[in-house]
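Any read-out appearing in this document is the output of simple, stated calculations on the displayed coordinates, not a laboratory observation. As the structure is a prediction and not an experimental result, all values here were calculated from the model. Cβ sites come from the backbone with ideal geometry, for glycine too, and all protein chains shown count toward neighbours.
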Amino acid sequence: MSIHIDENVDLSHWHTFGVKAAARYFVHLRRDNDLEELFDSVLFRDHRRLLLGGGSNVLFLHDFDGLVIHMAIDGIKVDDVDDRQVLVTAGAGVIWNDLVRFCVQHGYGGIENLTLIPGTVGAAPIQNIGAYGVELESVFDHLDAWNLTTAGIQRFRKKECHFGYRDSYFKNGGKHRYLVTSVTLRLTKKPQLNLSYSALSRAASERGIDPGKATISDISRLVEDIRTSKLPDPAKIGNSGSFFKNPVIPEKQYHDLALNYEGIPGFKAGKGMKVPAGWLIEQCGFKGGRYGNVGVYDRQALVLINHGGATGREVFELSERIIEEVRNKFDIQLEHEVNIIV
C-alpha cells in the first residue's frame, strides 16, 4: 500500500483558522493512482469523509470523527490552443496563488485579478472563487474529478458545473460525490485587463498607472497590495478571509434602505443589488471588536479572526450573533461563505 493513513491528526496546522480540532484518520493524496488505492480501502468505505485542500474556507466546530483527505496532487501543464489562447491545467493540490504567479510570469491573462486568494486549485471551482470584478467561471474550461460512486475520473465542462455566486454543482447536488483532481483554465496570450472594479481602478489611478499601458503584472501587484492592506495574514492571525457572502437583495429593498442609510453601497447584480456584507457588519458596530478569543478584523469587517486559543464554536457563535444583528437592523440575511464542519 503506497498511501499512508495517519490516526488522530491535529488539524490546527491544516486550516487557516487554526482552531483546535483533530481528525480520526488523515491521508495525503499525491497522485491520481492514490485515489484508486484509497477507494478500495475499508477506511474509505466505512467512514465519513472530508476533502481538504488549503484549509482556507473551513471552520471545524469539533473533532472530525472520520477520514480527512488532503489533496496534494501537484503540477502545472500548458497546451497552446492558437496564437491567442492557451489551456493551463493544474493539479488540485497546487496552491492557487502559485498558479496565478505562474500565469502572470508567462503572460497568460485572465486570473491576475484573483491574486492572493488563499486555498488550492481544487477548491477554486467548488467555491467559484472571485475578486475585483472576475470570477473563476469566466476563464474555466473543464475539470477532472474522481467519481466516488463509479470509482473513475469524470470530466466536467463549464455548463455542467452550474456556477453561481460563490457556488457550484459541487456545493449542491454534487456535494460529497466527487474529488477534484485537476482544473483546466482557458487563458489569453493577449490579455484584456479588467479594471471594472472601483477599488482596483481607483488604486491604478492613485499609482499613476495608465489603463491603456498596464500589464497583467501591474494588475496582479495592485490586487496584492489591496488585499494585504485589508486582510490579515493567516500565518499570523487565524482567519479564513471573507466569512460571509455579499448578499443580493431586491432593488426596491435597496432603494428603501437608501432612504434611511445615506451612502449605503450597492452594485447591480442580475435583477437585484449586491450590498457589501462588510459594510452591513460595520454599521452594526462589530468592526474591530474583540469577544474573548475571537473578533472582527479592524480593517475589514467581513473577516472573523482567532486571537489565539479560540474554538470553532466560539467563532461560529460570533458569526451567528452578527447574522442576527444584521437581520434585525437591515432585514437582510447573511450567509456563510466559509464551510462549517459539524
- Out of segment 1-106, which trypsin sites (Lys or Arg not before Pro) are coil in DSSP terms and have no more than 10 other C-beta atoms within 10 Å? Arg84
- Query: Using θ = phi - 60° and the Karplus form 6.51 cos²θ - 1.76 cosθ + 1.60, what ³J(HN,Hα) does each residue of segment 253-266 get, whole Hz, x for Gly and Pro?
  - Reply: 5, 4, 5, 5, 5, 5, 5, 9, 10, 4, x, 4, x, x
- Query: Mind checking the alpha-carbon convex hull of segment 238-341 and giving the volume per residue in Å³?
  - Reply: 96 Å³
- Once amide H atoms are placed 1.01 Å from N in the peptide plane, what residues at a sequence separation of 5 or more from Val81, or on another chain, have their amide H within under 5 Å of its amide H? Val86, Leu87
- Cα-based convex hull volume of segment 156-269 per residue, rounded to whole Å³: 207 Å³
- Task: Quickly estimate the mean residue ellipticity at 222 nm for the chain, helices only: each DSSP H run with n ≥ 4 gives -39500 (n - 2.57), and the total goes over all residues, rounded to 500.
- Result: -7500 deg cm²/dmol
- Tell me the label-point distance for the pair Ser229, Lys20, using the 7 Å Cα-to-Cβ offset, in nm and rounded to one decimal. 3.9 nm
- HN-Hα J couplings of segment 158-172 from phi, Karplus 6.51/-1.76/1.60, θ = phi - 60°, integer Hz, Gly and Pro as x? 4, 4, 6, 7, 6, 5, x, 5, 6, 8, 6, 4, 6, 9, 10
- Do any GluC sites (Glu not before Pro) in segment 132-167 lie in a loop, going by DSSP, with at most 15 other beta-carbon atoms within 10 Å of their beta carbon, and if so which? none
